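Colleague: So that we are looking at the same thing, I have put the structure below in structure tokens.
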Amino acid sequence: MAIIYNPNKKIFSLHTRNTTYQMMADRYGYLLHLYYGSANKGLMDYTLAYADRGYSGQPYEAGNDRTYSLDTLPQEYPTLGTGDYRNYALNIENADGSECCSLKFSRYEIKKGKYRLKGLPAVWADEKEAETLEIVLKDSVSGIEVSLLYGVLAEEDIITRSAVIRNTGEERVTVRKAAAACLDFVSGDFDVVKFYGKHAMERNVERTRVGHGTASFGSRRGTSSHQYNPSVILAGRDTTEDFGGCYGMLFVYSGNFLCEVEKDQINQTRLLMGLSDELFSYPLEAGEEFTVPEVILSYSANGFAELSHRYHSCIRSHVCRGKYVNTERPVLINSWEAAYFDFNGATIISLAKEAAALGIDMVVMDDGWFGRRNDDNSSLGDWYVNEEKLGCTLAELICSINSLGVKFGIWIEPEMVNEDSDLYRQHPDWAIKTKNRAPVRSRNQLLLDFSRKEVRDYVFGQICAVLDQGNIEYIKWDMNRSMSDVYAGNLTYDYVLGVYDFLEKLTSKYPDILLEGCCGGGGRFDAGMMYYTPQIWCSDNTDAINRTKIQYGSSFFYPVSAVGSHVSAVPNHQTGRNTSLNTRGITAMAGTFGYEMNPALLSEEDKSVIREQMKRYKKYETLICQGDYYRLSNPFADEYSSWMFVSEDKRQALVNVVRLEVQGNMAATYVKLKGLKKEAEYLDHSTGRLYTGVALMETGILLPFPKKEYEAYQIELTEFEKISGIRQ
Ligand code: GLA
């Protein structure tokens, strides 16, 4: 049993293989948080400390007991208006305008399997893999009921949290703020790790000490955003990759969010993750309910690498869906950086011919194939094929490509409309706008109001009409602007649910099509999208050196199988930097591999490098996408970027190194490996040298001295006993 209830003390314990989570409905009915950490059979109510706290509020029922205050006790789902002056998970505005909701324990239920959330992506698991705890809390005055949902995936060391808010009262209320999870810590000194960035430079890593007051980050852009990923790590001050305690929170949601970390007056720490309270006020009529998207929690006592492995496994096995989750994915060549808008059918066919000769599986026709779209000023919304531009029908184009033995994929951006489009001319009111104001433009486009069913249905029909024209095996779903002109408090949430509804219909109707998410690169790189799109274009920045940083930051929560990564041309289109094809290939192999260039412009020598890369990627695809991923350096601090993949049985490993800096009279570089068997011997395929696991992990592998900048190395290791007939 993963979930245990102690009826005498009203204590709930959630046990996973290595962790325990505990809470208690106390003498007044408040749900107090007791513990989250390493597996623990004890009852942790002894940690509740009661002392006279001046200027902290007491609930009325505590009488004159000034030692009882929700301002200092650790809580499970704190609300505004109860005498807790810290950040809160829930704020309800009542019909009379007051902002108060005092939740008391009402009932609970333990169920087999994992709860589902209406209209929202969520971790999925079968009855053997998960249990659900539902704790119902109630505010007796307003009739607000909150179901706190806990999904326990014991083997994965994962606990999920969500909340459903129900209005069982008589009058309309408004949800003003709703978090999915709160973690209160009565002791400890922490660092917070967040992943910040910008377009073309997403998920940089920043680690800062949690001081007094609140540090918060989030998104008010309508998407989860390039600027802050909806994920956070709270770590001990001395925690490293392989040592120390750390907690993760990953929001399974693709819109506005808020993460708050606060150290309070008595040095306790509170971490909250949920929906942003800005641009949000959700009305709930009597009888209605509101579902908060879920947060995936995990705790590791052994550093960031273990925490990452848990999230990678959970996303691969319990978030992503569809036939491509654990199967090999096509290696694709995308037309964007090869031709931008300047292509016709012959251009795409010639890319396909090059692909066929190089062993690349698929050609993807990116932006520019529809309406009158020859630049980014027009035609979004007009999802009909520009046959004049292509010089043929879509069906003819796909047939020609397939006859070369190459698959075909296509780019779409369904959520958008250009003012210069037939769709906008017919339905100007379908774009998101605020009454009496001109809308904010971005990339010369407006957002369609996907909270409206008739808008979604129309676009869905248009897109299906395209998809039905031929053998389309891949879709790149793009989204190239942030939301503005938020005309109502329900829009930001209902829009995201509209996108999910569209994606659910699309993936159900076309289960064999592989979807890749995209949002100006990695602007919606989140677990919510991964429920529908098992891979996401990680960044519009294809520069190999910048990519090592972007992919490093992405790797803390997201598995390599979800990271879209391509080899592009040099000088790089975003940075102007020159790197070798080898360096670009090794970097792109830390993702779902592909190309983004015109191979016709390459030398024969480069083409043969690509053929070798293709062979190597195919050979190691399973190890790369399903093996354990280890970060071996920090590219934000070190002179090289390094990561490795290790098979589950630890017999096979692929080590990757990209030099970021060279100096005169270089010191020798030894890269310490991880995850191998100490006592085993490993063969380095390229040098024929044998190493013990302990040597590789404690002294490290000696890199060649660099002859030029940005050199990269890929080292294939196999456990020696397993190879017959090879001697040192
Ligand atoms: C976005 C994507 C690119 C490309 C363009 C097309 O920027 O991230 O990969 O598809 O749109 O307009």
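Colleague: Where the centroid of each part is defined by its Cα atoms, how far is the range 193-266 from the range 386-436 in Å?
Modeller: With the range 193-266 and the range 386-436 each reduced to a Cα centre, they are spaced 37 Å.
Colleague: Still on this structure, I have one more. Kindly flag which residue pairs out of 10/41; 619/672; 549/650 have an alpha-carbon separation exceeding 18 Å in this structure. Don't skip to the end; give the middle numbers.
Modeller: Working: 10/41 15 Å; 619/672 24 Å; 549/650 26 Å.
The pairs that break the limit, which is 18 Å between Cα atoms, are 619/672; 549/650.
Colleague: Starting from the Cα-Cα distance between residue 648 and residue 457, subtract it from 0.36 nm times their residue separation and give me the gain in nm to one decimal.
Modeller: Numbers: separation 191, 0.36 × 191 = 68.76 nm, distance 4.45 nm.
So the extension gain works out to 64.3 nm.
Colleague: What is the sum of charges around residue 692, taking Lys and Arg as +1, Asp and Glu as -1, for the other residues whose C-beta is under 14 Å from the C-beta of residue 692?
Modeller: -1
Colleague: Continuing with the same structure: Provide the FRET efficiency to the nearest 0.05 for the residue 289-residue 488 pair, computing r from the beta carbons and using R0 = 25 Å.
Modeller: Using R0 = 25 Å, I get an efficiency of 0.85.
Colleague: At 7 Å along the Cα-to-beta-carbon direction for both residue 189 and residue 436, put a label point, then send me their distance in nm to one decimal.
Modeller: 5.6
Colleague: Around residue 3, which amide H atoms from residues at least 5 apart in sequence, or from another chain, sit under 5 Å from its own amide H, with H modelled in the peptide plane?
Modeller: Counting only residues 5 or more places away or on other chains, the set is 15.
Colleague: Something else now. Check residue 567: other-chain or 5+ apart residues with amide H under 5 Å from its amide H, H built from backbone geometry?
Modeller: Answer set, sorted by chain and number: 594, 595, 596.
Colleague: Is the C-alpha gyration tensor of the chain telling us rounded, prolate or oblate? Criteria: a/c under 1.5 is rounded; beyond that, a/b larger than b/c is prolate, otherwise oblate.
Modeller: Oblate is the answer for the chain, as a/c is 1.5 or above yet b/c matches or exceeds a/b.
Colleague: Please name whichever of 687, 566, 143 sits farthest to the positive end of the charge dipole of the chain, dipole taken about the Cα centre and charges placed at Cβ: Lys and Arg +1, Asp and Glu -1.
Modeller: Result: 687.
Colleague: Separate question: Rounded, prolate or oblate: which fits the range 396-465, taking a ≥ b ≥ c as square roots of the Cα gyration tensor eigenvalues, rounded meaning a/c under 1.5, else prolate when a/b beats b/c?
Modeller: Working: a/c = 3.27, a/b = 2.40, b/c = 1.36.
Prolate shape, in that a/c is at least 1.5 and a/b is the bigger ratio.
Colleague: Which Cα, out of 364, 305, 705, lies furthest along the positive dipole direction of the chain (beta carbon charges, K/R +1, D/E -1)?
Modeller: Positive-most Cα among the choices belongs to 705.
Colleague: Assigning unit charges at the beta carbon (Lys, Arg +1; Asp, Glu -1) and nothing else, what dipole magnitude in debye, to the nearest 20, does the range 466-576 show about its Cα centre?
Modeller: The dipole magnitude comes to about 300 debye.
Colleague: Starting from a Cα-only point model with no solvent, please compute log10 I(q)/I(0) by Debye for the range 640-724 at q = 0.19 1/Å.
Modeller: So the normalised log intensities work out to -0.81.
Colleague: Determine, for 643, 537, 369, 430, the number of other Cβ atoms within 10 Å of each Cβ, and report the residues in order from fewest to most.
Modeller: Working: 643 24, 537 30, 369 27, 430 21.
So the ranking, lowest neighbour count to highest, is 430, 643, 369, 537.
Colleague: Based on the inverse mean of 1/r over its pairs of different Cα atoms, what is the Kirkwood hydrodynamic radius of the range 1-121, in Å?
Modeller: That comes to 16.2 Å for the range 1-121.
Colleague: Moving on to the next point. Roughly how many nanometres apart are two label points built 7 Å out from the Cα toward the Cβ at residue 677 and residue 396?
Modeller: My value for the distance between the label points is 6.0 nm.
Colleague: Using 7 Å Cα-to-Cβ label points, what is the residue 62/residue 404 separation (nm, one decimal)?
Modeller: 7.2
Colleague: Taking the number of other C-beta atoms within 10 Å as the exposure measure, put 362, 23 in order starting with the fewest.
Modeller: Lowest count first: 362, 23.
Colleague: Using the number of other C-beta atoms within 10 angstrom as an exposure proxy, rank 193, 560 with the fewest first. Don't jump to the answer; show the numbers that get you there.
Modeller: Numbers: 193 20, 560 24.
So the residues, fewest neighbours to most, are 193, 560.
Colleague: So which GluC sites (Glu not before Pro) in the range 310-365 end up in coil per DSSP with only 13 or fewer other C-beta atoms within 10 Å?
Modeller: Sparse-neighbourhood loop GluC sites (Glu not before Pro): 328.
Colleague: Nearest 20 debye, what's the magnitude of the dipole of the range 272-392 about its Cα centre given +1 on Lys and Arg Cβ and -1 on Asp and Glu Cβ?
Modeller: 660
Colleague: Another question about this same structure. Can you tell me how much longer the chain between residue 215 and residue 505 gets when fully stretched, taken as 0.36 nm per residue apart minus their C-alpha distance, in nm with one decimal?
Modeller: Working it through step by step, the gained length comes to 100.5 nm.
Colleague: Give 407/618; 435/476; 353/708 a once-over and call out the pairs whose C-alpha atoms are over 22 Å from each other.
Modeller: Working: 407/618 16 Å; 435/476 33 Å; 353/708 34 Å.
Checking Cα-Cα distances, 435/476; 353/708 exceed 22 Å.
Colleague: Where the Cα atoms of the range 3-318 are projected onto their three principal axes, how long is each span, largest first, in whole Å?
Modeller: 48, 42, 41
Colleague: Out of the DSSP beta bridges found with both residues in the range 399-485, what percent are antiparallel (nearest 5)?
Modeller: Here the antiparallel bridges make up roughly 50 percent for the range 399-485.
Here, each number is a calculation from the coordinates, and none is a lab measurement. Remember, predicted model here, so these are calculated numbers, not experimental data. Cβ coordinates were reconstructed from backbone atoms using ideal geometry, including for glycine residues, and neighbour counts include every protein chain displayed.
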